[in-house]
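To keep things clear, I will list the structure first and then write my remarks on it.
Values quoted throughout were computed directly from the atomic coordinates according to the rules given, and no laboratory measurement underlies them. Quantities reported herein were computed from a predicted structural model and do not represent experimental measurements. Quick reminder, even Gly has a Cβ in these numbers, built from the backbone with ideal geometry, and neighbours come from all protein chains shown.
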Amino acid sequence: MRLVSTRDPRHHASFAEAVGRSLAPGGGLYLPDPLPCFVDLDHLLERLSPQSRRAEILARLLGEEFGRAETDRMAAEAFDFPVTLVPVAARCYALELFHGPTLAFKDFGARFLAQTLALLRARDGRDRTILVATSGDTGSAVASAFHGLAGFRAVVLYPKGRVSALQERQFGTLGGNVRALAVDGSFDDCQALVKGAFADPDLSSRHGLTSANSINIARLLAQVLYYYDGCALLREAGLGDPPVFAVPSGNFGNLCAGLLAQRMGLPVRAFIVATNANTTVPDYLDSGEYRARPSVATLSNAMDVGAPNNWERISRLHRDDHGALRQALRWGHLSDPETALVLRELRDLGYLADPHGAVAFGVMRERLGLTETGIFLGTAHPAKFADSLEPILGIPVPLPAALAEAQARPLRIEDLANDPAALREALGG
Ligand SMILES: *Cc1c(COP(=O)(O)O)cnc(C)c1O
């Protein structure tokens with residue numbers, strides 16, 4: 001697979017190079033170009049099991065670079081959990097992407113990134129430190145994906161006292177090659193510390209510092225696969241028409257992956273952008289004026305992003321043309337009170353959603369045509385947000401086994417001063 005930079009089409013890289021670098025020189029993001037097109041849809045969507053479908057698509061994308069045996073192994077290791085399609089209302093389905101180890105869809109990207117980096121290490125023999133700042137979900141998915149992986153350590157920085165107790169347990173109890181550092185500061189402070197460490201060439205090369213940020217093309221590519229799962233499951237349910245996907249969006253990696261799947265030939269009728277009160281993209285689509293801004297806190301906190309880092313890719317896919325983007329997408333946003341209403345409506349339909357999925361369902365209902373079939377992406381298990389859901393829904397939100405187990409393990413966290421020198425020392429000088 002050949003990748004080009006969003007900012008300079010003359011710059012290209014192999015997949016391995018793009019994963020290793022994360023960012024293209026000059027700050028661009030990598031996009032596959034040319035994109036392959038798979039026309040044997042009946043084969044892919046109806047005749048293959050979910051496991052072999054993922055392996056087959058991955059082999060078509062990366063087999064030339066890595067060899068089929070490797071891509072098969074990567075698919076088996078990274079995507080060893082199910083995706084389910086649940087009917088919620090007439091012509092409305094939830095695609096549940098949260099049945100992985102940390103109960104959020106970020107497991108797809110993080111686990112595949114871990115497999116890819118393990119392959120790079122097998123080639124170059126270099127140990128790596130994955131350094132990540134988190135406000136919750138990313139830290140859990142990344143820590144879990146790299147836990148126990150030889151030649152890697154994962155260092156998770158998070159704002160002390162500002163992530164949920166449940167989230168802290170998910171990444172703070174693993175131990176071994178995972179370190180959880182509770183920073184005396186905000187999420188932005190954590191991110192600044194991480195950025196500072198990457199910007200220090202000496203520190204960076206000594207520890208093989210590597211980013212697990214959502215701009216990494218490995219995270220994006222893994223997410224292409226579940227759009228195929230969604231279409232296959234819909235056919236299995238007896239509905240052959242191309243669906244409309246509603247994507248709860250923050251940094252817009254998820255939507256970008258869907259658009260890539262569509263360009264590779266997956267029959268999708270339309271994509272709906274759904275955001276919370278962080279409306280940078282919906283406002284841009286409305287007005288043509290792109291204005292990044294500080295994020296505001298909402299119920300769907302993993303989407304609290306005011307400057308979405310993958311929008312550059314989506315914009316480039318549409319030649320940075322506002323009119324083309326307006327044609328390609330539908331969009332909408334929900335406030336917290338609206339999200340709470342939708343959560344209660346879903347409860348009354350017999351479906352327990354998390355706040356992110358509820359935003360997607362709420363916007364989807366407004367934007368879905370009468371004869372269309374809609375699939376909204378369930379990006380997190382509701383139990384991860386039990387604290388905010390229980391008062392809204394008035395019913396208990398049961399904890400699945402994986403979370404209950406994490407709850408019972410002792411915390412192994414270290415405090416970190418909000419100071420680059422302290423981080424340098426924590427990393428081992
Ligand atoms: C990260 C996240 C999102 C947003 O996904 P993007 O790819 O950043 O748009 C939505 N829901 C949940 C639960 C998340 O963790």
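Give me the percent of DSSP beta bridges within the stretch 83-215 that run antiparallel, rounded to the nearest 5.
Here the antiparallel bridges make up roughly 25 percent for the stretch 83-215.
So how do 91-101, 190-200, 290-300 stack up, highest first, on mean other-Cβ count within 10 Å?
Result, highest mean Cβ count within 10 Å first: 91-101, 190-200, 290-300.
How big is the dipole moment of the stretch 309-429 about its Cα centre under a simple scheme where the beta carbon of each Lys and Arg is +1, that of each Asp and Glu is -1, and everything else is neutral? Debye, nearest 20, please.
Roughly 440 debye for the stretch 309-429.
Which whole-number percent gives the relative contact order of the stretch 205-314, counting Cα pairs below 8 Å spaced six or more residues apart?
27 percent
Relative contact order for the stretch 313-394: what percent, with Cα pairs under 8 Å and sequence separation of 6 or more?
Normalised by residue count, the contact order of the stretch 313-394 is 28 percent.
Is there a quick way to get the dipole size of the chain? I mean about its Cα centre, with the Cβ of Lys and Arg at +1 and of Asp and Glu at -1; what is the value in debye to the nearest 20?
Charge dipole of the chain: 620 debye, to the nearest 20.
If we sort 370-378, 279-287, 36-44 on the protection proxy, mean other Cβ atoms within 10 Å, highest first, what's the order?
With the highest mean Cβ count within 10 Å placed first, the list reads 370-378, 279-287, 36-44.
Given a Förster radius of 56 Å and the C-beta distance between Ala69 and Ala422 as r, what FRET efficiency does 1/(1 + (r/R0)^6) yield to the nearest 0.05?
With a Förster radius of 56 Å, E is 0.80.
What relative contact order, as a whole-number percentage, does the chain give when Cα pairs under 8 Å and 6 or more residues apart are counted?
Relative contact order of the chain: 18 percent.
If N is the number of residues in the stretch 119-265, what value comes out of its Cα radius of gyration divided by 2.2 N^0.38 Å?
1.23
Using only the alpha-carbon atoms of the stretch 1-147 as identical scatterers, what base-10 log of I(q)/I(0) does the Debye formula give at q = 0.20 Å⁻¹?
-1.42
What is the Cα radius of gyration of the stretch 270-429 over 2.2 N^0.38 Å, N being its residue count?
The reported ratio for this selection is 1.28.
If you take the charge dipole of the chain about its Cα centre, with +1 on Lys and Arg Cβ and -1 on Asp and Glu Cβ, which of Leu157, Val86, Ala59 is farthest toward its positive end?
Farthest towards the positive pole: Ala59.
Starting from the 7 Å offset along Cα-to-Cβ, what nm value, one decimal, do you get for the label separation of Leu120 and Leu411?
Distance between label points: 3.3 nm.
Roughly how big is the stretch 80-218's charge dipole about its Cα centre, with Cβ charges of +1 (Lys, Arg) and -1 (Asp, Glu), in debye to the nearest 20?
It works out to roughly 220 debye.
From Cα coordinates alone, what are the radius of gyration and Dmax values for the chain in angstrom?
20.5, 61
Where both partners of a DSSP beta bridge lie in the chain, what percent of those bridges are antiparallel, to the nearest 5?
25 percent
In the neighborhood of Ile314, defined by Cβ-to-Cβ distances under 13 Å, what is the net charge if each Lys or Arg adds +1 and each Asp or Glu adds -1?
+2
Relative to the present Cα-Cα distance, how much length would full extension add between Thr84 and Leu35 at 0.36 nm per residue of separation?
Taking Thr84 through Leu35 to full extension adds about 14.9 nm, to one decimal.
Full extension from Leu48 to Asp189: what is 0.36 nm times the residue separation minus their Cα-Cα distance, to one decimal in nm?
Contour length minus the Cα-Cα distance gives 46.1 nm.
Taking the Kirkwood radius as the inverse of the mean 1/r across Cα pairs, report the Rg/Rh of the stretch 173-245.
1.21
In 10 Å bins starting at 0, how do the alpha-carbon pair distances of the stretch 34-110 split up by percent?
Result returned by the calculation: 17, 40, 35, 8, 1.
Sort 5-17, 140-152 by the packing proxy (mean of other Cβ within 10 Å over each peptide's residues), most packed first.
The densest-packed peptide leads the list: 140-152, 5-17.
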